[in-house]
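Notes to accompany the following structure.
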Ligand code: PMP
């Protein structure tokens with residue numbers, strides 16, 4: 001009997017319930033079409049919204065930086081791992097988000113978790129949308145603040161929770177994803193901002209799926225809703241539309257200085273290597289130089305959504321390039337994803353516990369570099385497989 005044998009039992013249970021993950025393996029570069037597990041497929045599974053993950057300019061910038069500045073940074077940011085290019089990227093992100101300052105983290109996950117944990121303590125409270133990302137939940141737990149969850153997008157309930165939990169001297173954080181990753185709907189940010197202002201709460205938005213996607217030039221949900229100066233903390237990831245890896249926080253200068261001193265992933269985990277930082281800088285230039293990518297992302301989104309609706313599929317509340325096709329039943333959804341893959345379309349099945357029981361779906365994400373024929377071909381596959389399985 002080994003000390004870790006209980007895990008074998010738990011794994012067997014997951015397998016029995018159909019919940020054990022078996023990630024597919026990408027062979028070669030990602031893109032609108034890519035090769036997974038030996039099959040060439042239309043890729044509707046990646047977060048590579050603007051098609052930058054394998055853009056020649058980013059690849060070139062990454063290679064050059066590695067040759068000139070090395071493969072690694074050698075240290076955490078606060079000791080010897082802050083390079084000129086980290087500072088330059090932060091300046092550019094502050095500009096991109098119309099914020100006073102910005103700070104790069106190793107990922108979107110550590111940006112959220114490290115920031116929430118650093119700005120609250122056990123006497124405080126966090127009021128959080130039910131569908132917020134796992135990294136927000138982990139940050140909330142690390143902060144030891146009281147956690148109150150409001151029903152998805154329910155501004156009235158958030159208001160009520162802020163009223164109920166108010167105490168003199170207690171800090172309150174109202175936090176939401178900008179775009180929700182499983183449903184592709186947009187947060188009711190204007191309403192939430194008003195409520196936060198009414199209660200004097202800190203307002204924080206996780207724009208992982210909105211940075212580079214929503215707003216002018218991809219500036220995010222704050223820009224989309226014209227709420228400049230009214231959201232205290234904006235989170236972005238560099239791993240989705242930006243196409244590389246990392247995360248950042250944008251906000252007032254004193255927040256950024258605080259995170260440089262108390263944001264634990266920033267302090268205790270080695271900084272991004274030159275290739276990553278240089279590719280992110282180049283991504284910002286490409287976004288500026290090729291605005292047609294953002295236009296294409298949205299025209300592709302419209303084409304694909306319209307196609308799914310015409311075929312009678314349920315796409316839930318989606319308003320963005322993330323479009324779920326909801327079949328409800330777990331087993332049917334798994335079969336749908338497998339059959340689509342066999343028909344040359346990759347979109348993963350998302351089932352409980354990632355989404356609630358009975359709302360299982362395959363999740364599609366279109367990108368700027370899908371061609372019209374990629375999307376029409378994918379829709380044809382949806383039509384065939386949907387009919388075969390009785391999913392509409
Ligand atoms: N927030 C949301 C809403 C996300 O979907 C993700 C990525 N799954 C993250 C944060 C984390 O970003 P990263 O992948 O850069 O760690």
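Couple of notes before you dig in:
- The stretch 289-350 and the stretch 114-189 have Cα centres spaced 29 Å apart.
- The chain: relative contact order in percent, alpha carbon pairs under 8 Å with at least 6 residues between: 22 percent
- Intensity falloff of the stretch 65-115 expressed as log10 I(q)/I(0), Debye formula with alpha-carbon point scatterers, at q = 0.18, 0.23 Å⁻¹: -0.69, -1.02
- Comparing the stretch 56-289 with the 2.2 N^0.38 Å rule of thumb, its C-alpha radius of gyration ratio is 0.99 (two decimals).
- Taking the alpha carbon gyration tensor of the stretch 1-117, multiplying each eigenvalue by 5 and rooting it gives semi-axes of 35, 24, 17 Å, largest first.
- When each of 150, 248 is scored by the number of other beta-carbon atoms lying within 10 Å, the sequence from fewest to most is 150, 248.
- For the stretch 56-289, averaging the sequence separation of C-alpha pairs within contact (under 8 Å, six or more residues apart) and dividing by the residue count gives a relative contact order of 31 percent.
- The stretch 224-368 - percent relative contact order, Cα under 8 Å, separation 6 or more: 17 percent
- Rg/Rh (Cα only; Kirkwood hydrodynamic radius) as it applies to the stretch 194-328: 1.03
- Averaged over residues, the count of other Cβ atoms within 10 Å places the peptides 209-216, 131-138, 152-159, 370-377 in the sequence 209-216, 131-138, 152-159, 370-377, highest first.
- Note that the stretch 49-182 carries a Kirkwood radius of 17.6 Å, evaluated over its alpha carbons pair by pair.
- Packing-based exposure ordering (other Cβ within 10 Å, fewest first) of 347, 280: 347, 280
- Percent of Cα pairs exceeding the 34 Å cut-off, where the set is the chain: 32 percent
Where a number appears in this text, it was derived from the coordinates with a stated rule and is not lab data. What you are looking at is a predicted structure, and each value in this text was computed from that prediction instead of being measured. Because the Cβ atoms are built from the backbone with ideal geometry, glycine has one as well, and the counts that use them run over all protein chains shown.
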